[in-house]
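What follows is a single structure, written as structure tokens, with notes after it.
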Amino acid sequence: MQSVRSILASFVVLLLSISFTASLPIEEAFNHCLTQHSQTPNQFSSSIYTSTNGSFTSILESTAQNLRYLLPSVPKPDFIFTPLDDSQVQAAVICAKKLGIHMRVRSGGHDYEGLSYVSLIEKPFMILDLAKLRAVNVDIARNTAWIQAGATIGEVYYRISEKSAVHGFPAGLCTTLGIGGHITGGAYGSMMRKYGLGADNVRDARIVDAKGRVLDRKAMGEDLFWAIRGGGGGSFGVILWWKIKLVPVPQTVTVFTVTKTLEQGGNKLLQRWQQVAPKIDENLFIRVIIQPGNGTVPGKRTLTTSYNALFLGGANRLLQVMKHGFPELGLTRKDCVETSWIESVLYIAGYPDGTAPEVLLQGKSTTKAYFKAKSDFVREVIPEKSLDALWKIFVQDDGPLMIWNPYGGKMSRIAESATPFPHRKGVLYKIQHVTGWLDGEKSMAKHMNWMRKFYFYMAPYVSKYPRETYVNYRDLDIGMNQKNNTSLLKAWSWGYRYFKGNFNRLVKVKTKVDPSNFFRHEQSIPLLPTGKKG
């Protein structure tokens, strides 16, 4: 009889607790739930920000890069939670699921369509902001480092350089990228032709899954470990830590930037670059930055093509490589800057000459803009005549930019199915298309329409069936999921372009590890039709 009374008493307490939680405002209910589920129970109110809190707007905008998604007309989260340790992340997942709160996870805020801090598909929603989780533990003896998801790639580079001048990591060129989301999409950079992507150099991870469990590689299994290294963020769990493999870099590396206009033979040089850059010495990465500039004729607009490069070695060796592989650029010793690897990071990222590496510890970027971006992969050289036709459309916009990043080298030797990132053998280079503006909604339609027009005109010159696209340059123009959508047909429009044949395996992994579709966004991996709907 006593046991029955005890059970009844416990049931009543449970009902009262549920009733109490349900009657609270959403953020208070979340706070109450956190205190019950965290391993470090305390008051979480100082880490929960609502619109009535004076810090809400600054926290929301702190790492958000695309001002299009900070406009007043864009949905805002009901609250933002900034956890202080792994157990609080775990508790946040448990509580959001229990209370039916849609969660967006942000580590760096660079996602091009704002998916880590905006939900266009459902309310209420919250942001789980990992900005306070930024430890970087480097182990030079083992050539590894454990990194928390909220650290920026610049912080990772700096902490490695603190311990060694001859170790590095092959990831992003933009140093304010949050490492958590960066690697989930692949993470390319200026050493990828030598060492592959950041995702290719991950050895372990710790994540919180849809059940609120903290899992390492062994516990999550190889299928899930495969999926999180290139399958895109926000579909499988919350990344807590990455364990990365460090790679050797020379004591001295060389960088250069050589700029040519169309009047200086820019088109002919660009055509030659397409043939050379993917096949040249894999220690050499030469990207091309293309943007409008002033021509030699007063008042006439032209294009500038800036060849921006990193060579893993000294200037004399670089000059020999260029003499035999790309003499058309006319590189001279005067163009070459010998430096350390960490200082080359600053150079490639565009910091002014003389900037101290400590700037990388600032973490978040202060640069924000209204922009729209798209991406393409090129498998055949674009003819010189075709370039002329493209430039006529390119200069119709006020703020266009293209960046061509060479592939080849190690990238061509890694199988398409090794990770979800499939753009490997046969890719000559990747194009990032960008248009930016500063006057907000006033000229948004004009710039967005121009970008779509230019992208349409690029179609004959880029990869086909599918037209490949980089998942870390999300593009909602190519379709998005609705709430709890499990339609493979709808998702195929973007899934096959991001992942090619790997999309099928990603869907199977998603259905297995998150059958209720808790981790979802406008382009999250969908479930198989047999999967449960959350």
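Structure above, values below:
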| read-out | value |
| --- | --- |
| Qualifying residue in the range 258-274 (condition: open to solvent by less than 40 Å² (accessible area, probe 1.4 Å) and free of Cβ contacts under 8 Å to residues at least 12 places away in the same chain) | yes |
| Residue in the range 178-194 that is over 20 Å from the mean Cα position of the chain (by Cα), under 30 Å from Pro327 (Cβ atoms), among the hydroxyl-bearing types (Ser, Thr, Tyr) and surrounded by 24 or more Cβ atoms within 10 Å (Cβ to Cβ) present | no |
| Residue within the range 77-99 that is over 18 Å from Val238 (Cβ atoms) and out of contact with any helix residue (DSSP H, G or I) (no Cβ under 8 Å at 6 or more places or on another chain) present | no |
| Residue within the range 481-490 that is assigned to a loop (DSSP other than H, G, I, E, B) and open to solvent by less than 10 Å² (accessible area, probe 1.4 Å) present | yes |
| Selection count, the range 341-361, where residues are surrounded by 16 or more Cβ atoms within 10 Å (Cβ to Cβ) and out of contact with any strand residue (DSSP E or B) (no Cβ under 7 Å at 6 or more places or on another chain) | 8 |
| Qualifying residue in the range 407-426 (condition: within 30 Å of Tyr158 (Cα to Cα), in a strand (DSSP E or B) and either open to solvent by 20 Å² or more (accessible area, probe 1.4 Å) or in contact with a helix residue (DSSP H, G or I) (Cβ under 8 Å, 6 or more places away or on another chain) (or both)) | no |
| Index of the failed condition, Asp376 passing every other in (1) at negative phi; (2) at pLDDT below 95; (3) under 24 Å from the mean Cα position of the chain (by Cα) | (2) |
| Long-range neighbours under 6 Å by Cβ, at least six apart or interchain, first residue in contact (Cβ under 8 Å) with a residue 60 or more places away in the chain and farther than 17 Å from Ala64 by Cα within the range 120-136, second acidic (Asp, Glu) and open to solvent by 30 Å² or more (accessible area, probe 1.4 Å) | Pro124/Asp78 |
| Complete set of residues in the range 41-69 that are crowded, with 18+ Cβ neighbours inside 10 Å, without any contact (Cβ under 8 Å) to a residue 40 or more places away in the chain and hydrophobic (A, V, I, L, M, F, W, C) | Ile48 |
| Verdict on Asp200 being under 24 Å from the mean Cα position of the chain (by Cα) and over 15 Å from Gly185 (Cα atoms) | no |
| Scope the range 350-403; condition closer than 22 Å to Pro278 by Cβ, aliphatic (A, V, I, L, M) and part of a helix (DSSP H, G or I); matching residues | Leu387, Leu390 |
| Yes/no for Gly426 being over 27 Å from His110 (Cα atoms) and in contact (Cβ under 8 Å) with a residue 60 or more places away in the chain | no |
| Where Lys243 falls short, out of the listed (1) within 24 Å of Asn517 (Cβ to Cβ); (2) touching a Ser or Thr at 6+ places or on another chain (Cβ under 7 Å) | (1) |
| Residue that is farthest from Phe30 (Cα to Cα), among those in the range 105-134 that are of a type in the set (Asp, Glu) and modelled with pLDDT under 95 | Asp111 |
| From Lys372, Lys323, Lys364, residue being open to solvent by 60 Å² or more (accessible area, probe 1.4 Å) and within 29 Å of His423 (Cβ to Cβ) | Lys364 |
| Options Gly436, Gly495; residue that is touching a Phe, Trp or Tyr at 6+ places or on another chain (Cβ under 6 Å), surrounded by 21 or more Cβ atoms within 10 Å (Cβ to Cβ), modelled with pLDDT of 95 or more and small (Gly, Ala, Ser) | Gly495 |
| Test: residue in the range 435-448 that is closer than 29 Å to Ile183 by Cβ and over 23 Å from the mean Cα position of the chain (by Cα) | no |
| Some residue of the range 98-111 being under 26 Å from Ile525 (Cα atoms), small (Gly, Ala, Ser) and outside any loop (DSSP other than H, G, I, E, B) | no |
| Residue, surrounded by the most Cβ atoms within 10 Å (Cβ to Cβ), within the range 231-256, restricted to residues that are over 30 Å from Glu113 (Cα atoms) and polar (S, T, N, Q) | Thr254 |
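The values are calculated or read from the model by the stated rules, or taken from the named source; none is laboratory data. Predicted model only: the values in this text are computed from it and were never measured. Please note: Cβ atoms are built from the backbone with ideal geometry, for glycine as well, and neighbour counts cover all protein chains shown. We work out accessible area using only protein heavy atoms, side chains counted, and drop any ligands, DNA or RNA first. Shrake-Rupley method; radii C 1.70, N 1.55, O 1.52, S 1.80 Å.
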